[in-house]
Amino acid sequence: MKNHYYVTTPIYYVNDKPHIGSAYTTIAADALARAHRLRGVPTFFLTGTDENSQKNLEAAEKAGATDLQTYLDFMAEIWKNTWRELGISYDDFIRTTEERHHKGVERFWRAVEKSGDIYKADYERDYCVGCEEFKTPSELMDGKCPLHPNRPLQKVKEENYFFRASAYKENLLQLFRDKPEFIQPVSRYNEIKSYVERAYEDFSISREAKKLACGIAVPGDESQRIYVWFDALINYMTAVGYGTDDELFKKWWPATLHLVGKDIIKFHCALWPAMIMSAAKSDALLQAADGSPLLPERVFAHGFFTIEGYKISKSLGNAVDPLELAKTFPFDAVRYFLLREIPFGEDGDFSLARLEDRYSSDLGNRLGNLVNRVIAMSAKYFDGKVPNVDAASASQAFADTEWTGASGLAALWQIIEDKIQAARLDHMLEAIWSAQGASLTTANKLVEQTQPFKLIKQDPEKTAAVLYALLEACRQFAWMVEPVMPHVAEGILIQLGQDAASERSKGLEVLKAWGGLKPGTELRPGTVLFPPLEKV
Ligand code: MSP
């Protein structure tokens, strides 16, 4: 395994602006990318837009756009801008109408062709533009797409190019046996394995150009256009130089993690690896040293969420705009909410009442108040500075409470490392807020049990030890939550008199070590991390 972290989101259709569902995938990828950067792992985070799609074409026509490219340019800016405003730290944004993408797709197609896996055949089937997918009769309900019952299916009867996917059925099943972690969570693994066992067949990978006013031309045959999913998946390679920059490609490929919604798992876990297996036979750039195909390491499918119990849908008009939400809630709080509330990999619900509740309880009461109280008391009693105590003994001073001090925090860091590796940020956050060990909850209890505001009158030395321990814990909590709430983390660190950028450069091993907060450091209290909400 390479010592790098290359994480991707799906590339989004631009038939609409981003909603909270697309933001969810992007935020999860962003948090994982930030977590790896903090660990000093070379990280590449890719997102982008899927532009060669009939859905976009329809939307452009509906919007009365003068031409498709103008519409795509306009929409791609809206997506980029939303991510920028939400602080998404992507390293590259690929658009599948870019030349670099077309070049890579051409190279890939030629490789698959050379491997003997592209052939022409007559085809007759129903196509659902909503899914951008051909449907077998068994996938229809009453002759309609179950996901888009209001959209008439297109009857396609033409000669198309096919990808000989069936030739890779055994290789795929072998991959699933050898590397069960390739598809996560396990429910999705089972779904894909049984799909490949039961229903895996060759894919039609082109459409007649005269019937389709968008898409990349089939190399060597202008009369056909490449099927949007076949070109879209290749974005994960073209963005890192496939077809344009071999060195860049060698640096980042294979991808470490494709994050996707459960709706598109079939394409990522059954079609994409077979495409790579085929292309790799004829393109050495896609082969590992032993000649095996360079496949992505893992695909993780998260669930779908509803809004206040309802499916997100255009007709209901209930799609929550993340930029609107950011006007009411600090966006870090929304990131926290989405990643904490919905078990990663399962379906969930987005509700404003739950968001408000977590905002005031988890964030305001437990994180914000702790930081606020501890810094304010320390500044008040110790001349605006971190109290002057021996860090090691401050850690051991509270054996009679639930707070487990430095060793408890070290244990919590270990849990965090494991959860990040497993992409379970929900579990990571749960652990930081849990009721055991050294956590935000037990740190708050320590304040209540030791009552520094009273203790200061009886025992200033013990008060200094308590407050040092709590300040140091706040410093560590800031780094623990940083990938999910980067602004909040910075807000805590500034108040603790830390220069976040220079601290970060010391590396996580140093940041994790107890005693990083130097006695005598000037405190800068006063930032309100979670201001009270004006009623939404
Ligand atoms: N263009 C394809 C992906 C190609 S990847 C090579 C596509 N695009 S999409 O715009 O429809 O975005 C799909 C992704 O948005 C889903 O896979 C999922 O990640 C996210 N979500 C869209 N609606 C969602 C919810 N209601 N809930 C959670 N995620 C949602 O499919």
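Only the coordinates and a few stated rules stand behind these numbers; no lab work does. Values in this document were obtained by computation on a predicted structure and should not be read as measured data. Neighbour counts run over all protein chains shown; Cβ positions are idealised from the backbone, glycine included.
For the reader, a short list of remarks on this structure follows.
- Taking the helices alone, the chain has a mean residue ellipticity at 222 nm of -13500 deg cm²/dmol, built from -39,500 (n - 2.57) per DSSP H run of at least 4 residues and averaged over all its residues.
- Percent of Cα-Cα distances greater than 33 Å, calculated over the chain: 46 percent
- Here the Karplus relation 6.51 cos²θ - 1.76 cosθ + 1.60, evaluated at θ = phi - 60°, turns the backbone of the stretch 245-261 into coupling constants of 8, 4, 5, 4, 4, 5, 5, 9, 7, x, 4, 7, 8, 9, 8, 9, x Hz, with x for every Gly and Pro.
- Per-residue Cβ neighbour rank within 10 angstrom, fewest leading, Met485, Met141, Met75: Met141, Met75, Met485
- Calculated from backbone phi, Karplus (6.51, -1.76, 1.60) coupling profile of the stretch 55-71 in Hz, x at Gly/Pro: 4, 5, 4, 4, 5, 5, 5, 5, 7, x, 5, 5, 8, 4, 4, 4, 4
- Take every DSSP beta bridge whose two residues both sit in the stretch 243-350; close to 20 percent of them are antiparallel.
- Sorted by Cβ density within 10 Å, fewest first, the residues Glu472, Glu51, Glu430: Glu430, Glu472, Glu51
- Rounded to 5, the percent of DSSP beta bridges in the chain classed as antiparallel: 55 percent
- Our estimate of slack between Asp263 and Asp91, defined as 0.36 nm per intervening residue step minus the Cα-Cα distance, is 59.4 nm.
- Gyration tensor verdict on the stretch 5-322 (Cα atoms; rounded if a/c is under 1.5, prolate if a/b is larger than b/c, oblate otherwise): rounded
- Near Ile216, the amide H atoms lying under 5 Å from its own belong to Ile226; only residues 5 or more places off or on other chains count, and H is placed 1.01 Å from N.
- Each label point was placed 7 Å from the Cα along the Cα-to-Cβ direction; for Thr70 and Lys179 their separation is 4.6 nm.
- Computed 3J(HN,Hα) for the stretch 114-127, one whole-Hz value per residue from the Karplus formula 6.51 cos²θ - 1.76 cosθ + 1.60 where θ = phi - 60°, is 4, 6, x, 10, 10, 9, 9, 7, 6, 9, 9, 6, 8, 10, glycine and proline marked x.
- About its Cα centre, the dipole of the stretch 5-322 is roughly 560 debye, where the only charges are +1 on Lys and Arg Cβ and -1 on Asp and Glu Cβ.
- Gap separating the Cα centres of the stretch 450-479 and the stretch 372-401, nearest whole Å: 3 Å
- Taking amide H atoms as placed 1.01 Å from N in the peptide plane, the amide H of Gly348 lies under 5 Å from those of Phe304, Phe305, Thr306, each 5 or more residues away in sequence or on another chain.
- For the residue pairs Lys135/Lys169; Lys155/Lys262; Lys157/Lys266; Lys169/Lys211, alpha carbon separations beyond 22 Å are given by Lys155/Lys262; Lys157/Lys266; Lys169/Lys211.
- Listed by Cβ neighbour count within 10 Å, with the fewest neighbours leading, Ser278, Ser22 appear as Ser22, Ser278.
- Packing rank of 337-347, 369-379, where each peptide gets the mean count of other beta carbons within 10 Å, highest leading: 369-379, 337-347
- Its Cα gyration tensor gives the stretch 236-366 an equivalent ellipsoid; the semi-axes, largest first and in whole Å, are 39, 17, 14.
- Close amide H pairs (under 5 Å, H built 1.01 Å from N) link Asp92 with Phe45, Thr47, residues at least 5 positions away or on another chain.
- The stretch 5-322: antiparallel DSSP beta bridges as a percent of all, rounded to 5: 55 percent
- Virtual spin-label span in nm between Lys210 and Met141, 7 Å along Cα→Cβ: 3.8 nm
- The mean sequence distance of close C-alpha pairs (under 8 Å, at least 6 residues apart), as a share of the length of the chain, puts its relative contact order at 15 percent.
- Column: log10 I(q)/I(0), Debye, Cα scatterers of the stretch 47-173, q = 0.13 Å⁻¹: -0.83
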